[in-house]
Amino acid sequence: MASDVVIETRALSKTYRDFWGRAKVRALKSLDLEIRQGEIFGLLGPNGSGKTTTMKLLLGLLFPTSGQALVFGRDASDVRKNERIGYLPEETYLYKFLTAEETLDFYGRLFDIPPQTRKERIDQLISEVGLDWARRRQLKEYSKGMTRRIGIAQARINDPDLILLDELNSGLDPIGVREMKDMILALKEAGKTVVMCSHLLADVQDICDRIAILHQGELKELGRVESLLRVADETQFRVRGMSQACQDEVQAVIARHEHELVEMTNPVSTLEDLFLSIVRDSEARPGRRARVETAEQSESVN
């Protein structure tokens, strides 16, 4: 396992069985992934595509039917790795009778964080998620968006190197969504690795370095966001101060008119268009799988 690879899955598969041990649902089929240090990685897919199952396998909450998941070079079943992980589940399960301060203090004690360090981190995190004004209110009085905010603070109480976020922006208003995006980008700047599941494709498109799209438990697409969204057979021009005469001409005339060519690249579609296209193609061709990108290929694109 390369030193900068935080997560690696090797033919990772999970089959849920019924009471009699018969295969009921193949939730994940031979997933091969590498996620590197400092990446913001998006895990996308329709409901039932295997996203949450993948996260639970990485956390060691589920055991694979076959294959292997490695986190920080350790098998995912090794609980020692969890000291370096923060996790926000899709549904936030917190003690409703505790305040924000008490909640973070409780989880800080579980990680055996010294009292003074714990107090400093609690103050910092409550401020970062914008809940200073409600820090002493019981969580039963919180809205869903406020609960998500304290949930992300709880996921960071141990200053983790890897943060797993399942539907982070659920229940947040547009301002809260923007604040969470900025927070995730700040985590990346600090060298943290973030893996996030989301149904809000525009949010993922804004901040993720790479994405994987799952459908019916299979990896259907994997790569850098800008590469996947680039429309290869079209070219667009962005020109500043273009005159009406120049608008009727082509690139060669732009130079003659002494306009500034700001950009000439392939146009980019949206992540929503890519996502829907992959899901429809997967339904039409259920056997097709994504080509896994090697570290060398990814670096050559960059």
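The values are calculated or read from the model by the stated rules, or taken from the named source; none is laboratory data. All figures in this text were calculated on a predicted structure; none of them were measured in a lab. FYI the Cβ positions are ideal-geometry reconstructions off the backbone, even for glycines, and counts take in every protein chain you see.
Quick look at the values:
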quantity: Residue 120 vs. criteria loosely packed, with under 15 Cβ neighbours inside 10 Å and either assigned to a helix (DSSP H, G or I) or not assigned by TED's automatic domain parsing to the domain that holds residue 187 (or both); calculated: yes
quantity: Residue selected from the range 9-22 under the condition in contact (Cβ under 8 Å) with a residue 12 or more places away in the chain and more than 14 Å from residue 212 (Cβ to Cβ), by the criterion farthest from the chain's Cα centre (by Cα); calculated: 15
quantity: Pairs, first under 11 Å from residue 222 (Cα atoms) and touching a residue at least 12 places away in the same chain (Cβ under 8 Å) in the range 23-38, second of a type outside the set (D, E, K, R) and part of a loop (DSSP other than H, G, I, E, B), C-beta under 6 Å, six or more apart; calculated: 32/292
quantity: Verdict on residue 198 being touching a residue at least 12 places away in the same chain (Cβ under 8 Å) and buried (at least 18 other Cβ atoms within 10 Å of the Cβ); calculated: yes
quantity: All positions within the range 123-149 that are polar (S, T, N, Q), over 19 Å from residue 184 (Cα atoms) and outside any loop (DSSP other than H, G, I, E, B); calculated: 138
quantity: Count - residues of the range 38-94 that are under 17 Å from the mean Cα position of the chain (by Cα), in a strand (DSSP E or B) and either surrounded by fewer than 17 Cβ atoms within 10 Å (Cβ to Cβ) or of a type in the set (Ser, Thr, Tyr) (or both); calculated: 1
quantity: Among the residues listed as 140, 188, 192, the single one being basic (Lys, Arg), closer than 17 Å to residue 94 by Cβ and out of contact with any helix residue (DSSP H, G or I) (no Cβ under 7 Å at 6 or more places or on another chain); calculated: 140
quantity: Residues of the range 152-180 classified as in a helix (DSSP H, G or I) and under 16 Å from the mean Cα position of the chain (by Cα), total; calculated: 6
quantity: Lone unmet requirement of (1) modelled with pLDDT of 95 or more; (2) assigned to a strand (DSSP E or B); (3) of a type in the set (Val, Ile, Thr) for residue 213; calculated: (1)
